[in-house]
1. Can you tell me the equivalent ellipsoid semi-axes for region B:283-328? Use √(5λ) from the Cα gyration tensor, largest first, whole Å.
2. For region B:72-158, how big is the tail of P(r) above 16 Å, as a whole percent of Cα pairs?
3. Can you give the FRET efficiency to the nearest 0.05 for A:Asp73 and B:Gln302, using r as the Cβ-Cβ distance and R₀ = 60 Å?
4. Take every DSSP beta bridge with both residues inside chain A and express the antiparallel ones as a percent of the total, to the nearest 5.
5. For the pair A:Met113/B:Glu160, report the inter-label distance in nm, with labels modelled 7 Å from Cα in the Cβ direction.
6. Got the A:Asp104 label distances to the other copies yet, label 7 Å along Cα→Cβ, in nm, shortest first?
7. Over chain B, with a Gaussian network built from C-alpha contacts below 10 Å, which listed residue (B:Ala308, B:Ala138, B:Ala277) shows the highest mean-square fluctuation?
8. Just need the relative contact order of region B:40-120 here, percent rounded to a whole number, with Cα pairs under 8 Å and 6+ apart.
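Computed from the coordinates by the stated procedures, all read-outs in this text should not be read as laboratory data. Nothing here was measured: the structure is a model prediction, and the numbers come from that model. Virtual Cβ from ideal backbone geometry, glycine too; neighbours counted across all protein chains shown.
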There are 2 protein chains.
Amino acid sequence: MGTATLTIDLNALRKNWRRLNAMSSTETGAVVKADAYGLGAARVAQTLADEGARSFFVAVAEEGAAVREALGDGPTVYVFSGHMKDDDSLIAKYNLTPLINSIDQLLRHAELMKNHPFGIQLDTGMNRLGMEPSEWQAVRDIAMRLGPQLIMSHLACADEPNHPMNGQQLEIFEKMTAALSVPRSLSATGGILLGEEYHFDLTRPGIGLYGGLPFSDADPVVSIDIPVIQIRDVETGESVGYANSWRAPTPRKIATVSAGYADGILRAMGPKTSLYADGVKCPIVGRISMDLIGVDVSEAEQPPSSLALLNSAQKIDHLARNAGSIGYEILTSLGARYDRRYDEV
Amino acid sequence: MGTATLTIDLNALRKNWRRLNAMSSTETGAVVKADAYGLGAARVAQTLADEGARSFFVAVAEEGAAVREALGDGPTVYVFSGHMKDDDSLIAKYNLTPLINSIDQLLRHAELMKNHPFGIQLDTGMNRLGMEPSEWQAVRDIAMRLGPQLIMSHLACADEPNHPMNGQQLEIFEKMTAALSVPRSLSATGGILLGEEYHFDLTRPGIGLYGGLPFSDADPVVSIDIPVIQIRDVETGESVGYANSWRAPTPRKIATVSAGYADGILRAMGPKTSLYADGVKCPIVGRISMDLIGVDVSEAEQPPSSLALLNSAQKIDHLARNAGSIGYEILTSLGARYDRRYDEV
């Protein structure tokens with residue numbers, strides 16, 4: 001087989017959710033947007049529902065429809081982009097709960113779906129999604145009469161626990177929601193780690209479920225193994241790959257493996273990244289191609305038939321550092337060509 | 001609707017193939033690996049078959065199966081990774097033509113599928129795929145008796161027309177294939193542009209079909225429009241997005257649009273990239289999030305309901321330059337969440 005294998009450890013996913021749930025003083029939901037960070041929203045949502053999650057979060061209504069189909073009736077499926085134009089039929093059909101971001105969206109929802117559940121998203125300083133304090137003041141009474149199920153905001157700097165922005169946003173959120181008897185939510189993974197005062201009534205872990213920072217105790221969820229197509233001997237001074245960018249300093253054994261940047265193995269990570277032959281680090285040589293990568297397997301104990309990109313030694317945040325990116329982008333970049341397998345013992 | 005729209009202009013695709021075909025002195029094939037560089041292998045292959053392409057190239061047998069299902073019987077579907085272990089049933093069922101890369105693969109093919117069509121891939125200096133001159137010398141007679149349909153190699157530096165590597169690889173390819181009466185192929189898009197001596201019997205354009213460099217005359221094939229979720233006023237000194245990385249130098253109007261790096265809009269392109277409101281350039285502000293991007297729309301003539309990331313003014317190679325990447329990676333990164341539309345007048 002020429003395609004690489006991407007294995008999703010559902011036990012690790014369950015364990016990560018349980019640990020974040022144990023840290024949360026209140027209800028723990030799950031963020032499954034972007035196809036559960038590329039790992040398959042249907043299977044991930046089903047697994048976490050089985051663990052006890054009852055509140056799921058997606059980016060757009062189309063994603064919500066897929067999650068609802070996977071989960072059936074019961075859990076709440078919240079949509080971060082809120083009530084977008086022409087989304088009323090999807091929202092109704094799949095019983096989605098839009099998180100209203102603006103006065104425009106509030107008016108749209110009130111006009112088209114007055115009795116359909118919704119939540120409110122407030123901006124507490126990130127200037128990305130949600131109503132500003134002044135807007136909220138203007139429409140709060142109207143919104144409250146419509147009966148929101150949840151009021152939420154999002155932290156801009158929660159991955160840096162000592163950032164003063166965290167406390168500022170907490171204070172603004174408290175002020176904007178004081179004396180309202182509606183469940184509240186402020187924290188994703190980073191906010192859970194900041195402590196109980198950030199938890200309110202519902203937390204929304206995402207990256208921590210999938211094995212990424214800032215949840216440094218997370219179990220890795222994803223592993224990737226890439227088949228070797230062939231191994232060749234390269235003499236001193238010979239070049240490998242596009243633009244002759246790498247030259248062999250001594251005679252080397254070079255494996256060509258069957259995956260590349262079309263599989264989300266970002267070109268930028270090439271110069272600093274190794275693959276693993278059992279326990280042995282084998283550096284990438286030359287540029288990462290669309291479907292192929294050259295790897296120096298000279299130190300491997302025997303000619304490998306496959307090499308690991310993600311394993312217990314090399315996690316998504318290692319690749320992120322190598323690529324100048326973040327673990328979130330490493331996950332969501334993993335493409336559609338993998339043979340995706342779900343492991344559950 | 002919250003999802004962004006990715007439109008594939010099939011007329012531009014046809015036109016690009018026709019122009020590359022007109023430049024090729026011989027048969028012109030089409031590379032449709034990596035799901036036709038992310039644009040949908042089935043629809044792209046059908047369109048190019050309708051134009052007259054009869055030879056298609058994919059990276060792995062699984063991709064070949066999908067292309068064969070789209071095309072039906074007739075065209076040849078070549079597999080660059082060759083005859084991988086356990087691929088014989090896919091190769092047989094979908095009548096794929098593996099491009100044998102090594103003596104191991106040749107033995108496997110001869111043992112399992114002696115009478116099934118195959119091609120030979122030679123390494124002429126890239127040290128990536130194919131048999132080395134010494135290996136080829138050792139097995140050439142055996143291979144020729146098995147009757148390959150094609151002998152091919154791949155250029156490492158064809159995107160740089162003056163690179164001495166091009167002439168060296170041409171010379172090695174000539175030597176390795178002299179006096180063999182088998183059709184030969186050396187050139188992808190870059191090689192087509194190098195001139196007739198590089199064309200041999202079959203060319204294999206890829207990126208040029210999809211509107212990318214080095215085919216500078218290519219028509220753009222992809223456009224992307226992203227819906228605006230909301231627009232807010234941001235005061236001087238307020239920050240936008242994660243980690244407070246951008247602060248408003250003056251009062252600005254900031255739109256939040258519904259797409260992000262989970263859609264393959266690489267985080268790395270953020271600082272240098274703008275979106276377009278009709279003709280007006282609107283710079284990205286703050287970090288690109290997974291599903292959201294902040295855009296300064298202060299200069300737009302009216303509040304936009306959507307913004308363009310790819311259009312006639314901003315092409316894949318502009319985004320590539322902004323991200324420190326190449327047009328190929330921009331295309332293959334575009335994710336599964338878009339509403340993909342095929343335009344054909």
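1. On the way: eigenvalues 90, 41, 17 Å².
In descending order the semi-axes read 21, 14, 9 Å.
2. 48 percent
3. Working: r = 42 Å, r/R0 = 0.70.
Efficiency at R0 = 60 Å is approximately 0.90.
4. Values: 27 of 49 bridges.
Around 55 percent of the beta bridges assigned by DSSP in chain A are antiparallel ones.
5. My value for the distance between the label points is 5.5 nm.
6. Here A:Asp104 shows inter-copy label distances of 5.7 nm.
7. Answer for the Gaussian network model of chain B: B:Ala138.
8. Details: 121 pairs, mean separation 20.8, N = 81.
Rounded, it is 26 percent for region B:40-120.
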